[in-house]
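Let me begin by presenting the structure, written as structure tokens, before commenting on it.
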Amino acid sequence: MNTVWSIEEIDLAPKQGKKYWKNCHREWREEFIYFLMVDRFHDDLTRKPVKSSHKGFGDGEQLKQICGGTIRGIINHLDYISDLGCTALWLSPLFENNPESYHGYAIQNYLEIDKRFGTKEDLEELVNAAHKLDMRVFLDIVLHHSGNNWFYPDDVPYYYYEGARFPLAGWRSNDHPIPIELRDPELYGRKGQIRNYDSYPETREGDFQELKAFRMDDSVEARYVQDILIRTHCYWMKEVDIDGFRLDAVKHMGEEAISRFCSHIREYAYMLGKKNFFLFGELVGSEDTYNRYIGPTTTVTVDGQNIYYGLNSVLDFPLYHILADVIKGNASPERLLERYESLRRNALGRGDFGEFLVTFIDNHDQVGQSFKHRFGKDATEEQVIAGIGFLLCALGTPCIYYGTEQGFEGAGEHDSNIREAMFNPDDKVSDALDKSNKIYQGISQIAAIRKNSSVLKFGHMHMRKISTDEIHFHLPECEKCLIAFSRVLFDQEMVVAFNSSTTEEREEYISIRRQLNVDKAFFKFLYGDTGKVKVLENPDYIGHYIKLHLKPMQFVVLSNL
């Protein structure tokens, strides 16, 4: 295999004889994404699952280092992900990293797969195998910074100070970074480590700890870095037929840089016949910040041309910070209602781009939290199922973080504590890929309902009022209460309800859309219970409703007949 060193050596003509996967039959908002860290999912060995290994594998110090997960391990266990109901795979960064890095975000070679994970041929085989299962594959990519590939004078930490630029004292390797065009000191910001991640321009121009930021200004050099990164990432689309990118640290890059990258990537995807290439980003911030990066509203003028369009979507961090507490009964649903109202308002100006965000309830990178913890920490199996069930049934493109389906409950001061291994690095026989696990089973059942339901994928969402007397209906107000919403598409309605109390059963009435023929109107349980319930009406209440009796932490999905 020929090694590519320079962007001048990259040939972006489609590979001869390769048929690129178009996946035109499914919109990206229909996906159910499985996010895994390659080093932590599975190694090459054939293993058997240990029942109820809820804490995952690896101790504190071990999880700060390479555990041994590989691309081959993912290939061998694609059925585990597919059978869970996932339709897309989001892989942590795969490009060659600094030797001390396990997570993938410290890149030193953008044109090779890290040999600890596998080879380019392994990745192409994984993508082809996923496509045969009708699954998309997204790569996590880093555009703001490279790895710790060079050092400041005396090789000591330098910190951001009023925008001052510091010397690049030397490279850590004689032949990295790659492509070789990146071995130019002028392509880096050289402003030291960020101290305040909420201070502009520091948060854009500074280094991520020891990882070195590229130029993020309006200079010719900054544009050249963008061109290099555009070309290298088009190369991977051409070589292995990937279906999308998740962009890391979007907040730390300018809107124009992100829009320019997305525009060129999208255009190249069209050249290969890939019309649904998905571009979504990590963007911790407000809804107003989202609007600057998503969709056609981000059109900018560069060199007299209005050609740049932004991300399709971003990860919904505001929902992430709310939903877990509501599901566990630690917060009032009022904040959840406000979040969905905010989504509705802000989506109006985005058009099809950005109407739906990528939703999640568990995460590998808990920025700003002094104590990191999985959603499964201090949660019951029923609550974990309900949390993912909520994502699958509500607005958005749901994403599950690996191990959540097994109830992983990692916690600690470091991100490594919530990045447990799905296999045991200390033996050669055991893993945590237990398909019989109650949580795995519950999620797979709800995912199957969503997969076969146009209502859950495309319907309008309405938070529903509840009542105990069939007269006075109100939105849920207490922390441990019944929460319900509907998805409505044309004349079909599906009701999703959850009793957030851990101890009390609840029998309450839930408002629904008005029915044409109440005498013949019923809702049938699809998940969480059996049988059906009749649609009710009361002369003292203008509207229709159903009555549900839910056990503590019971999650149900119903559909009108």
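The values are calculated or read from the model by the stated rules, or taken from the named source; none is laboratory data. Owing to the predicted nature of the structure, the values given are computational and were not obtained by experimental measurement. Here Cβ is always computed from backbone atoms with ideal geometry, including for glycine, and neighbour counts include all displayed protein chains.
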Among all residue pairs at least 6 apart or on different chains, which show Cβ distances below 7 Å where the first residue, located in segment 341-362, is farther than 20 Å from VAL326 by Cβ and the second is at pLDDT below 80 and outside any helix (DSSP H, G or I)? ALA347/GLY354; ALA347/GLU355
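Polar (S, T, N, Q), surrounded by fewer than 19 Cβ atoms within 10 Å (Cβ to Cβ) and either closer than 30 Å to ARG450 by Cα or more than 24 Å from the chain's Cα centre (by Cα) (or both): does that describe ASN128?
On the way: polar (S, T, N, Q): yes; surrounded by fewer than 19 Cβ atoms within 10 Å (Cβ to Cβ): yes; either closer than 30 Å to ARG450 by Cα or more than 24 Å from the chain's Cα centre (by Cα) (or both): yes.
So ASN128 fits the description; yes.
So that you can scan it fast, the table gives a plain yes or no per residue for (1) among the hydroxyl-bearing types (Ser, Thr, Tyr); (2) in a strand (DSSP E or B); (3) under 22 Å from ILE400 (Cα atoms):
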| residue | (1), (2), (3) |
| --- | --- |
| SER444 | yes, no, yes |
| ALA448 | no, no, yes |
| ILE471 | no, no, no |
| GLU493 | no, yes, no |
| ALA497 | no, yes, yes |
| THR502 | yes, no, no |
| ILE510 | no, yes, no |
| ASP519 | no, no, no |
| PHE523 | no, yes, no |
Close pairs (7 angstrom Cβ cut-off, 6 or more residues apart or separate chains): not assigned by TED's automatic domain parsing to the domain that holds ILE74 in segment 396-420, at pLDDT below 95 and of a type in the set (Val, Ile, Thr) anywhere: none
When ASP529 is run through (1) touching a strand residue (DSSP E or B) at 6+ places or on another chain (Cβ under 6 Å); (2) part of a loop (DSSP other than H, G, I, E, B); (3) under 19 Å from THR468 (Cα atoms), the failure sits at (3)
Looking at segment 422-451, I want the residues that are assigned by TED's automatic domain parsing to the domain that holds HIS42 and without any contact (Cβ under 8 Å) to a residue 40 or more places away in the chain and have a partner that is assigned to a loop (DSSP other than H, G, I, E, B) and exposed (fewer than 15 other Cβ atoms within 10 Å of the Cβ) with Cβ atoms under 9 Å, at least 6 apart or on another chain. Which pairs are those? GLN441/LYS435
In segment 423-458, what residues are buried (at least 19 other Cβ atoms within 10 Å of the Cβ), out of contact with any helix residue (DSSP H, G or I) (no Cβ under 8 Å at 6 or more places or on another chain) and within 22 Å of GLY396 (Cα to Cα)? SER453, VAL455
Qualifying residues in segment 411-424 (those that are modelled with pLDDT of 95 or more and part of a loop (DSSP other than H, G, I, E, B)) - the one farthest from ILE388 (Cα to Cα): ASN424
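Which of the following residues is at pLDDT 85 or above and in the same structural domain as TYR440 (by TED's automatic domain parsing): ASP352, ASP362?
Values: ASP352 fails: at pLDDT 85 or above.
Exactly one residue qualifies, and that residue is ASP362.
Out of the residues in segment 132-181 meeting the condition of being acidic (Asp, Glu) and outside any strand (DSSP E or B), tell me which one is surrounded by the most Cβ atoms within 10 Å (Cβ to Cβ). First the steps, then the outcome.
First pass over segment 132-181, keeping only residues acidic (Asp, Glu): 134, 140, 154-155, 162, 175, 181.
Applying the additional criterion that residues be outside any strand (DSSP E or B) yields 134, 154-155, 162, 175, 181.
Working: ASP134: 13, ASP154: 8, ASP155: 10, GLU162: 6, ASP175: 11, GLU181: 18.
Filtering segment 132-181 for residues that are acidic (Asp, Glu) and outside any strand (DSSP E or B), the one surrounded by the most Cβ atoms within 10 Å (Cβ to Cβ) comes out as GLU181.
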Which condition does GLY206 not pass, out of (1) in contact with a Lys or Arg (Cβ under 7 Å, 6 or more places away or on another chain); (2) surrounded by fewer than 23 Cβ atoms within 10 Å (Cβ to Cβ), if it passes all the others? (2)
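Would a scan of segment 130-148 turn up a residue that is farther than 30 Å from PHE41 by Cβ and touching a residue at least 40 places away in the same chain (Cβ under 8 Å)? It would help to see each step written out before you state the result.
If we filter segment 130-148 for residues that are farther than 30 Å from PHE41 by Cβ, which is where we start, we get none.
Within segment 130-148, none of the residues are farther than 30 Å from PHE41 by Cβ and touching a residue at least 40 places away in the same chain (Cβ under 8 Å).
Yes/no per residue for (1) under 18 Å from ILE327 (Cβ atoms); (2) among the β-branched types (Val, Ile, Thr); (3) over 23 Å from the mean Cα position of the chain (by Cα):
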{"position": "LYS435", "(1), (2), (3)": "no, no, no"}
{"position": "ARG464", "(1), (2), (3)": "yes, no, yes"}
{"position": "ILE471", "(1), (2), (3)": "no, yes, yes"}
{"position": "VAL488", "(1), (2), (3)": "no, yes, yes"}
For segment 69-128, enumerate the residues that are charged (D, E, K, R) and under 24 Å from THR404 (Cβ atoms). ARG72, ASP79, ASP83
Condition broken by LEU78, with the remaining ones in (1) crowded, with 21+ Cβ neighbours inside 10 Å; (2) under 23 Å from SER444 (Cα atoms); (3) in the same structural domain as LEU123 (by TED's automatic domain parsing); (4) touching a helix residue (DSSP H, G or I) at 6+ places or on another chain (Cβ under 9 Å) satisfied: (1)
Within segment 1-38, work out how many residues are touching a residue at least 24 places away in the same chain (Cβ under 8 Å), assigned to a loop (DSSP other than H, G, I, E, B) and within 30 Å of SER454 (Cα to Cα). 9
